[in-house]
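Here's the structure, in structure tokens; my notes come after.
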Amino acid sequence: MAGKGKSVKKKKKATERKQAVMKLVLSDTCKVCKTPCARGMRYYESMQKPGAIGNGVPCILTKTYV
């Protein structure tokens, strides 16, 4: 019975899931936004305090899929 061995199963590729990407915007962008969101307004209010340091907040309006 030569030549018979374990059968090798081929690996299936992982499903191609698209990942959502949002741009980071600063408080000045949130201030002039035509459709303000709760996250943006909360960030804008926190940046109005003296000495506040921020890195931006993800904007839901700039969501794209990559």
State all residues of segment 37-47 that are open to solvent by 80 Å² or more (accessible area, probe 1.4 Å) and either among the polar types (S, T, N, Q) or under 12 Å from Ile60 (Cβ atoms) (or both); if no residue qualifies, say none. Arg39
Name the single residue, out of those in segment 27-66 being part of a loop (DSSP other than H, G, I, E, B) and within 30 Å of Glu16 (Cα to Cα), that is nearest to the chain's Cα centre (by Cα). Lys63
For segment 17-26, name all the residues that are assigned to a loop (DSSP other than H, G, I, E, B) and touching a strand residue (DSSP E or B) at 6+ places or on another chain (Cβ under 6 Å). Lys18, Met22
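The values are calculated or read from the model by the stated rules, or taken from the named source; none is laboratory data. Quantities reported herein were computed from a predicted structural model and do not represent experimental measurements. So basically every Cβ, Gly included, is an ideal-geometry build from the backbone, and we count neighbours across all protein chains shown. Quick note on the areas: whole protein, heavy atoms, side chains included, nothing else; ligands and nucleic acids left out. Shrake-Rupley method; radii C 1.70, N 1.55, O 1.52, S 1.80 Å.
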